[in-house]
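J.: First the structure, which I've put down as structure tokens, then a few questions once you've had a look.
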Amino acid sequence: MAKQASALTARILHRYLGFFLAGIMAVYAISGIVMIFRNTDFLQNITTSERQIEAGLEPAAAATALNLRNDRVERTEGEIVYFRGVAYDQASGVATITRKELPYVLDKMTDLHKANTNSAFFYFNIFFGLSLLFFVLSAFWMFLPSWPILRKGLVYTAAGIVLTLILLFV
């Protein structure tokens, strides 16, 4: 009887936590799919702007003035120095900046997905990760050990673990 009560409790918690987190799971699913294409122009809006800085700067100094995280020069053509997404004209001091940005809503979704310890979403992401881990574990408590569906579920679990290991290490 205690095992049935435990299984029923796991089902109830699994169900209502699933309903509660349905929206955020959709956000993570969509943003995860969009992030697969982050090294392409898929769904990205390209904007170009110009910024005037001091003329005649060396590439390292120009990168510092433009607040570039990666100051590696991709190429130089005459007086124009190319960084990733930036073309700096040493003669005039004009920097042409090309940015690729996702539409506003998708950008916010991927920001949530990529949150780290410096983000305001830090604790939320930990809660969400623990909730997903609860989903994994509670699935095994939803059925009594004598039920055939649990045995079938364990076979599918083993197949999923094997597939995951293959994807990780091959």
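J.: In segment 30-45, what residues are surrounded by fewer than 10 Cβ atoms within 10 Å (Cβ to Cβ) and touching a strand residue (DSSP E or B) at 6+ places or on another chain (Cβ under 8 Å)?
T.: Hit for segment 30-45 is ASP41, nothing else.
J.: Does segment 52-70 hold any residues that are under 30 Å from SER31 (Cβ atoms) and exposed (fewer than 15 other Cβ atoms within 10 Å of the Cβ), and which are they?
T.: Answer for segment 52-70, where residues must be under 30 Å from SER31 (Cβ atoms) and exposed (fewer than 15 other Cβ atoms within 10 Å of the Cβ): ASN67, ARG69, ASN70.
J.: Can you tell me which of ILE161, ILE149, ILE166 is surrounded by fewer than 15 Cβ atoms within 10 Å (Cβ to Cβ), modelled with pLDDT under 90 and among the aliphatic types (A, V, I, L, M)?
T.: Just one listed residue meets the conditions, ILE149.
J.: I need every pair where a residue in segment 149-162 that is assigned by TED's automatic domain parsing to the domain that holds VAL136 has its Cβ under 8 Å from the Cβ of a residue that is outside any helix (DSSP H, G or I) and surrounded by fewer than 10 Cβ atoms within 10 Å (Cβ to Cβ), sequence separation at least 6 or different chains.
T.: Between residues of segment 149-162 that are assigned by TED's automatic domain parsing to the domain that holds VAL136 and residues that are outside any helix (DSSP H, G or I) and surrounded by fewer than 10 Cβ atoms within 10 Å (Cβ to Cβ), there is no close pair.
J.: Right, next: Could you run through segment 32-46 and say how many residues are without any contact (Cβ under 8 Å) to a residue 12 or more places away in the chain and either more than 25 Å from TYR104 (Cβ to Cβ) or hydrophobic (A, V, I, L, M, F, W, C) (or both)?
T.: Residues meeting the conditions: 4.
J.: Something else now. Spot the failing condition for PHE143; the list is (1) assigned by TED's automatic domain parsing to the domain that holds ARG15; (2) under 27 Å from the mean Cα position of the chain (by Cα), and only one is missed.
T.: Only one criterion is unmet by PHE143, namely (2).
J.: Please tell me if ILE30 is at pLDDT below 90, of a type in the set (A, V, I, L, M) and outside any strand (DSSP E or B).
T.: no
J.: Residues in segment 84-122 that are surrounded by fewer than 13 Cβ atoms within 10 Å (Cβ to Cβ), among the hydroxyl-bearing types (Ser, Thr, Tyr) and under 16 Å from the mean Cα position of the chain (by Cα): how many?
T.: 2
J.: If you go through segment 1-13, how many residues are in contact with a Ser or Thr (Cβ under 7 Å, 6 or more places away or on another chain) and at pLDDT 85 or above?
T.: The total comes to 1.
J.: With the condition being touching a residue at least 60 places away in the same chain (Cβ under 8 Å), I'd like the strands (runs of 3 or more DSSP E) fully within segment 47-147 carrying at least 2 qualifying residues.
T.: Hits in segment 47-147: none.
The values are calculated or read from the model by the stated rules, or taken from the named source; none is laboratory data. Note that the structure is a prediction, hence the values are computed from the model and not measured. Glycine also receives a Cβ, built like all others from the backbone with ideal geometry; neighbour counts cover every protein chain displayed.
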